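Student: Quick one: the structure is below, and I'll ask about it shortly.
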Amino acid sequence: MRKVVPRVTIAIDGPAGSGKSTVARCVAEKLGLLYLDSGAMYRAVTLLAIENSVEENISELIELVKQCNIEFTENGKRIFLDSVDVSEEIRTPDVNKLVADIAKTPEIRHEIVKHQQRIGAEGNIIAEGRDLTTIVFPNADYKFYLDASIQERAKRRFADLQEQNVKTTIEIVESEINARDEKDTSREHSPLQVAKDAIRVDTTGKTVEDVIDIIVTHIKEK
Ligand code: CDP
């Protein structure tokens, strides 16, 4: 008889700097899963808005989003917008500042969520963002909500930006993260929230390996 391979969907949500991307990427590698960085897609759409100067013209942006093509390669490491590799451009301070305002638009979310659900339709995926446990994959087999203190999240994000040679201070990074958290949790459509069946993991003071262990242990136990 043919062996039935179980197909698994893991969804992770949490605020900026909670460690979702790093952890999800490592778990994907460890368990041989597809990795989906949903935030990268909202960042790509934000770049599309900036490049076409339609940041203020949302109806035009919605049309552009419907026509654009967003693809990942190297298991989610690189992202292409209309066949152009924009993996670095989507992480600039300009995109950081604007992304939460663009991501609150229901029509844009609708297009992006459809695309994410298509990518995840086959299962065997670990996806992270703000609404993966609630809206994109509400029936995920495993749901996690990662969080950490604002100080620690700012410290992690500051280190990322230093690596990109972006001149900033930890105070500026902290206030930008706070502003983005506020927008992401208070928006009307698909706000960041803890799904009632999600396992909460506080990553403050924990290493990436600690958090991976917690997640993999939960998965193996179930
Ligand atoms: O990596 P970081 O946590 O800074 O953010 P991200 O995951 O790249 O997401 C950037 C922004 O996209 C978030 O602040 C949200 O405004 C938006 N986003 C969203 O609305 N829904 C998602 N599923 C993922 C990201």
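Student: Run the simple label-point estimate for residue 222 and residue 97 please: 7 Å along Cα→C-beta, distance reported in nm.
Tutor: 4.0
Student: Kindly state, to the nearest 0.05, the FRET efficiency for residue 73 paired with residue 189, given R0 = 30 Å and r defined as their beta-carbon distance.
Tutor: Efficiency computed from Cβ-Cβ geometry: 0.50.
Student: Taking just the alpha carbons, could you work out the radius of gyration and Dmax for region 9-204, both in angstroms?
Tutor: Using the Cα atoms of region 9-204, the pair Rg, Dmax is 15.8, 43 Å.
Student: Can I ask one more? Averaged per residue, what accessible area in Å² does the chain show with a 1.4 Å probe, protein chains only?
Tutor: 53
Student: I've got another one for you. Can you give the extra length, in nm with one decimal, that the chain gains between residue 110 and residue 139 once fully stretched, where that is 0.36 nm per residue apart less the Cα-Cα distance?
Tutor: Additional length available on full extension: 8.6 nm.
Student: Using the structure shown, list the pairs from 114/206; 20/114; 114/183 with a Cα-Cα distance above 25 Å, or answer none. Don't skip to the end; give the middle numbers.
Tutor: Numbers: 114/206 34 Å; 20/114 22 Å; 114/183 22 Å.
Beyond 25 Å between Cα atoms: 114/206.
Student: Next up: Report the relative contact order of region 28-82, percent, no decimals, based on alpha-carbon pairs under 8 angstrom and at least 6 residues apart.
Tutor: Rounded, it is 32 percent for region 28-82.
Student: Filter 143/167; 104/196; 30/167 down to the pairs with a C-alpha to C-alpha distance above 30 Å, please.
Tutor: The pairs that break the limit, which is 30 Å between Cα atoms, are 143/167; 30/167.
Student: Oh, and also: Efficiency by 1/(1 + (r/R0)^6): what FRET value for residue 149 and residue 7, r their Cβ-Cβ distance, R0 = 45 Å, to the nearest 0.05?
Tutor: Values: r = 36 Å, r/R0 = 0.79.
The formula returns an efficiency of 0.80 here.
Student: To the nearest 20 debye, what is the magnitude of the charge dipole of the chain about its Cα centre, counting +1 on the Cβ of each Lys and Arg and -1 on the Cβ of each Asp and Glu?
Tutor: 920
Student: Moving on. Considering only protein heavy atoms, with the full assembly of protein chains and a 1.4 angstrom probe, order 38, 175 by accessible area, largest first.
Tutor: I get 175, 38, largest accessible area first.
Student: Going highest first, how would you order 42-53, 152-163, 78-89 by mean Cβ packing within 10 Å?
Tutor: 42-53, 152-163, 78-89
Student: Moving on. Once neighbouring chains are kept in place and the probe is 1.4 Å, which whole percent of the accessible area of the chain is contributed by carbon and sulfur?
Tutor: 50
Student: Could you work out the relative contact order of the chain? I mean the mean sequence separation of Cα pairs under 8 Å and 6+ apart, divided by the number of residues, in percent.
Tutor: Values: 309 pairs, mean separation 72.4, N = 222.
It rounds to 33 percent for the chain.
Student: Testing the spin-label approximation: label points 7 Å from Cα along Cα→Cβ at residue 22 and residue 83. State their distance in nm.
Tutor: Using points 7 Å along Cα→Cβ, the separation is 3.7 nm.
The values are calculated or read from the model by the stated rules, or taken from the named source; none is laboratory data. All of these numbers come straight from a predicted model, not from anything done at the bench. Glycine gets a Cβ as well: all are built from the backbone with ideal geometry, and neighbour counts include every protein chain shown. Areas reflect the complete protein model, heavy atoms only, side chains present, ligands, DNA and RNA absent. Shrake-Rupley method; radii C 1.70, N 1.55, O 1.52, S 1.80 Å.
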